[in-house]
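The values are calculated or read from the model by the stated rules, or taken from the named source; none is laboratory data. Everything numeric here is computed off the predicted structure, so don't read it as measured data. Using ideal geometry, Cβ is built from the backbone for each residue, glycine included, and neighbour counts are taken over all protein chains shown.
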Amino acid sequence: MPVRILAVSESSSHRILLPGDEILAIGGQAVDDIIDFKFMSAENDQVITYKRNGVTAKTEPLAGDYLFGLTVDDPSFKVKTCANRCLFCFVEQLPPDVRKTLRIRDDDYRLSFLAGNYITTTNLSKNELERIKKLRLSPLYISVQATDPAVRGRLMGNSAAGNIMAVLKEFTSSGVKMHTQLVLCPQINDGEILKRSLDDLSNLIPAVLSIAVVPAGTTAYQKNVDDALFTAAWAKDQLAIVRERYEKNKHLYGNGLVYASDEMYSLSGLEIPDNAHYEDYPQYENGIGIIRSFNEDAESILPQTGKLLYNGIVGLVCGRLPLPYLKDYINCLVAATGIDLRLIPVDNNFFGGRVSVSGLLSGRDVLAALSELPYTPDILVLPAHAVNHEARLIDDITLAELSQKTGVKIRTVEPLLSSLYDFLCEVSAGA
């Protein structure tokens with residue numbers, strides 16, 4: 001089926017195309033999917049062939065970026081799934097009653113380009129590989145894990161996974177840009193293997209835009225990776241390797257390129273790097289630089305805060321990982337505003353293991369944390385990234401259900417102190 005228009009922006013000056021129209025071609029070239037739509041719509045003076053109520057028609061040549069005002073859908077889009085059996089696969093470690101959509105093991109290059117999802121490249125057909133190179137789909141997000149063929153094959157449970165450098169070199173020669181990640185498992189792809197991977201990927205600059213180094217996530221439902229190996233000493237050793245390669249890249253290319261996750265620093269006990277270290281925060285969505293970004297935002301907004309009027313208790317939910325970095329700033333915000341704002345740390349018993357980030361909080365763990373409090377908050381604030389577009393937490397409990405069970409108003413706020421302050425101002429104005 002062709003690409004279908006779902007909505008037309010009110011700000012669009014062109015109302016020729018309407019919701020429900022199917023886009024068949026742009027500039028005489030057939031539109032087979034959203035990828036084609038995005039690429040073809042970038043040109044000016046295009047004639048659009050479309051179908052409305054079964055009738056095919058064409059527009060006059062339309063100039064400008066009018067197609068960017070369209071929200072489109074591809075009803076025939078079927079997500080391509082993963083062909084690997086990774087030792088550390090997080091999907092395989094999920095509890096039985098997690099949100100069903102999280103069990104989809106996607107490994108689709110289209111979602112990598114469109115949504116920033118990480119792919120392994122092991123399931124790419126020859127035609128798909130050629131399409132990526134021809135269109136220069138960029139940036140792609142690629143899970144490398146290790147450039148050593150045997151090690152990568154072992155990690156992914158797929159002997160064909162070992163040809164990753166050949167694929168990356170093809171992308172490089174075709175002008176495809178890439179963000180990459182190395183998910184570390186102690187005693188498998190760390191240490192010397194990590195050094196080799198960082199060197200191999202750094203040699204592909206400027207095609208490789210960034211390298212994320214993150215520890216494998218483990219839950220109580222996995223058996224392949226020993227939690228006891230993720231020690232502070234281990235994290236410090238890996239961070240030393242990352243820092244050495246970062247400084248080398250900075251000297252050679254003017255770009256550090258490689259960044260370790262916030263979790264690595266939390267695990268090691270070392271201080272989070274300064275703002276300049278993260279450059280333009282290329283791996284923010286991968287949990288890299290979030291704490292530093294929060295700190296920078298907090299230090300910027302705190303001098304602008306003032307007294308607010310609200311007599312209730314505002315409870316701020318967070319995971320264990322960011323708690324040490326939040327306390328002082330929250331105390332400063334309380335002192336500045338006079339609002340009774342209280343941090344509510346939540347233990348992640350739903351996953352168990354080492355999961356302690358705020359984005360993976362479950363409704364049942366939030367309920368458990370609230371049941372142990374000697375008070376009841378009037379408003380409960382959750383981090384926005386802990387819920388999906390349907391306002392569901394990871395265990396499928398909705399915010400409405402959570403509010404009903406607790407009798408407390410539930411709100412979500414972006415994980416920035418400025419966003420929290422804006423929310424408190426709204427609460428105060430409505431008091």
Query - Scope segment 268-309; condition within 14 Å of Cys332 (Cα to Cα) and either β-branched (Val, Ile, Thr) or loosely packed, with under 15 Cβ neighbours inside 10 Å (or both); matching residues - result: Glu299, Ser300, Ile301, Pro303, Gln304, Thr305, Gly306, Lys307
Query raised in the report: Is one or more of the residues making up segment 310-325 assigned by TED's automatic domain parsing to the domain that holds Asp396, surrounded by fewer than 20 Cβ atoms within 10 Å (Cβ to Cβ) and touching a Cys at 6+ places or on another chain (Cβ under 9 Å)?
Result: no
Report summary line: Within segment 231-261, residues in a loop (DSSP other than H, G, I, E, B) and either acidic (Asp, Glu) or farther than 27 Å from Glu279 by Cβ (or both) come out as Thr231
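Would you pick out the residues in segment 181-199 that are assigned to a helix (DSSP H, G or I) and on the phi > 0 side of the Ramachandran plot? Talk me through it step by step, then tell me what you get.
Initial filter on segment 181-199 (assigned to a helix (DSSP H, G or I)): 191-199.
Matches in segment 181-199: Gly191 only.
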Query raised in the report: Among the residues of segment 414-431, how many are under 28 Å from Pro95 (Cα atoms) and either buried (at least 18 other Cβ atoms within 10 Å of the Cβ) or more than 21 Å from the chain's Cα centre (by Cα) (or both)?
Result: 1
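Determine which member of the set Asp365, Asp396 is assigned to a loop (DSSP other than H, G, I, E, B) and either among the charged types (D, E, K, R) or at pLDDT 95 or above (or both). Can you show your working first?
Values: Asp365 fails: assigned to a loop (DSSP other than H, G, I, E, B).
It is Asp396.
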Report task. Output the residues belonging to segment 198-219 that are under 20 Å from Pro139 (Cα atoms) and hydroxyl-bearing (Ser, Thr, Tyr). Result -> Ser202, Ser210
Requested in this report: Go through segment 381-418 and give me each residue that's closer than 18 Å to Glu285 by Cα and free of Cβ contacts under 8 Å to residues at least 12 places away in the same chain.
Outcome: His389
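Working only within segment 200-244, note down all residues that are over 24 Å from the mean Cα position of the chain (by Cα) and buried (at least 18 other Cβ atoms within 10 Å of the Cβ). Explain how you work it out, then say what you get.
Filtering segment 200-244 down to residues over 24 Å from the mean Cα position of the chain (by Cα) leaves 200, 203, 223-224, 226, 228-229, 231-234, 236-237, 240-241, 244.
If the condition is that a residue be over 24 Å from the mean Cα position of the chain (by Cα) and buried (at least 18 other Cβ atoms within 10 Å of the Cβ), then Asp200, Trp234, Ile241 are the ones that fit.
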Requested in this report: Name the one entry in Pro149, Pro95, Pro139 that is of a type outside the set (S, T, N, Q), at pLDDT 90 or above and within 22 Å of the chain's Cα centre (by Cα).
Outcome: Pro139
Query raised in the report: With respect to Asn349, is the statement that it is out of contact with any helix residue (DSSP H, G or I) (no Cβ under 9 Å at 6 or more places or on another chain) and either free of Cβ contacts under 8 Å to residues at least 60 places away in the same chain or within 25 Å of Ala220 (Cβ to Cβ) (or both) true?
Result: no
**Report entry** Conditions (1) at pLDDT 95 or above; (2) part of a loop (DSSP other than H, G, I, E, B): number failed by Val225
**Finding:** (1)
Requested in this report: Go through the residues of segment 30-40 one by one and say whether even a single one is in a helix (DSSP H, G or I), crowded, with 19+ Cβ neighbours inside 10 Å and either modelled with pLDDT under 75 or in the same structural domain as Ala115 (by TED's automatic domain parsing) (or both).
Outcome: no
Query raised in the report: In the list Leu326, Leu316, Leu321, Leu343, which residue meets the criterion of being within 21 Å of Leu420 (Cβ to Cβ), part of a loop (DSSP other than H, G, I, E, B) and either acidic (Asp, Glu) or in contact (Cβ under 8 Å) with a residue 12 or more places away in the chain (or both)?
Result: Leu321
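Restricting attention to segment 85-105, does a residue exist that is free of Cβ contacts under 8 Å to residues at least 24 places away in the same chain, assigned to a loop (DSSP other than H, G, I, E, B) and under 25 Å from Asn127 (Cα atoms)? Show your work before the answer.
Let us first name the residues in segment 85-105 that are free of Cβ contacts under 8 Å to residues at least 24 places away in the same chain, namely 89, 91, 96, 103.
Going one step further and asking which of them are assigned to a loop (DSSP other than H, G, I, E, B), we end up with 89, 96.
Within this subset, residues satisfying the condition of being under 25 Å from Asn127 (Cα atoms) are none.
Looking for residues that are free of Cβ contacts under 8 Å to residues at least 24 places away in the same chain, assigned to a loop (DSSP other than H, G, I, E, B) and under 25 Å from Asn127 (Cα atoms), one finds none in segment 85-105, hence no.
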Query raised in the report: Out of (1) surrounded by 12 or more Cβ atoms within 10 Å (Cβ to Cβ); (2) closer than 27 Å to Val167 by Cα; (3) not assigned by TED's automatic domain parsing to the domain that holds Arg152, what's the single condition that is false for Asp108?
Result: (3)
Query raised in the report: Is it the case that segment 227-241 has a residue that's touching a residue at least 60 places away in the same chain (Cβ under 8 Å) and over 30 Å from Lys177 (Cα atoms)?
Result: yes
